[in-house]
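Working notes for the structure below.
The values are calculated or read from the model by the stated rules, or taken from the named source; none is laboratory data. The structure presented is a predicted model; accordingly, all values stated were derived computationally and were not measured. Neighbour counts run over all protein chains shown; Cβ positions are idealised from the backbone, glycine included.
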Amino acid sequence: MGRTASDRRQAWAALRADGDFRAATGLRPGEWIALERRDIDLDERVAYIRRAFTKGRLKCTKTEASVRAVPLQAVALAALERAPLDPGSPLVFPSPRGGYFDLHNFRTRLWKPAQLAAGIEPLRRVYDLRHTFATFALRAGISTFDLSRYMGASLTMIDRHYGHLARDGREHAIRLLDDLNASEMARRTLVDAGWTSKPQTVARRDNANSI
């Protein structure tokens, strides 16, 4: 049986919400496919990334320390509100049948047709919305250190691909240090009073102090 006009409208609405959410969070394709409603904390405005669905398999983080928290900006929250709710599925963005999306089918049946309908040229990859998030985050002034935590990527990777967009580079560091040192009071209160040039004492094994 073919899909009705109502079904198609619902699918397009879900796709728009999904795309906005991915661009606003920078999740990997497998991560947003596996995202469940229990992973969303609306009070704290955070999405916890605990698992990913890739190549037909669900892979969970090895430890609780491996779980990363991704902040939910207003665009992401609005996308969650627009996403159709499937009572029979725990997933935030389930496939039309309520299960996990097959990424290959998603690309060919939804992602590519949506771009063609919108007149987007050249066609973008599903992964490109992760780059969109990184670009906007750095333009907004988020540090590469924080961004690496949110994206679950190394500082080296962030710097290699997006370092030219970062505002926390050398010039920014110089301005911050100059602003701090401009205040005499700041220098007195932020630096440990014991941090002086006099020799420090070293404790021996017998607890006697030597200089």
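Residues of the stretch 139-150 that are out of contact with any Ser or Thr (no Cβ under 7 Å at 6 or more places or on another chain) and either surrounded by 17 or more Cβ atoms within 10 Å (Cβ to Cβ) or within 24 Å of Ser66 (Cα to Cα) (or both): Ile142, Ser143, Thr144, Phe145, Asp146, Leu147, Arg149, Tyr150.
Out of Leu110, Leu129, which single residue is in a helix (DSSP H, G or I) and not assigned by TED's automatic domain parsing to the domain that holds Lys55?
Leu129
Filtered by the rule that a residue be β-branched (Val, Ile, Thr) and out of contact with any strand residue (DSSP E or B) (no Cβ under 9 Å at 6 or more places or on another chain), the stretch 55-94 gives Thr63, Val75.
Do we have Ala74 as outside the structural domain of Gly152 (by TED's automatic domain parsing), of a type outside the set (Ser, Thr, Tyr) and at pLDDT below 95 here? No, not satisfied. Taken over the stretch 36-92, the residue count meeting the criterion of being polar (S, T, N, Q) and assigned to a loop (DSSP other than H, G, I, E, B) is 4.
Within the stretch 81-94, residues that are of a type in the set (D, E, K, R) reach partners that are exposed (fewer than 13 other Cβ atoms within 10 Å of the Cβ) with beta carbons closer than 7 Å, at six or more positions or on different chains, in the pairs Asp86/Gly98. Can you find a residue that is outside the structural domain of Gly56 (by TED's automatic domain parsing), part of a helix (DSSP H, G or I) and more than 18 Å from Pro71 (Cα to Cα) anywhere in the stretch 114-124? Checked against the condition, which is being outside the structural domain of Gly56 (by TED's automatic domain parsing), part of a helix (DSSP H, G or I) and more than 18 Å from Pro71 (Cα to Cα), the stretch 114-124 yields no hits at all.
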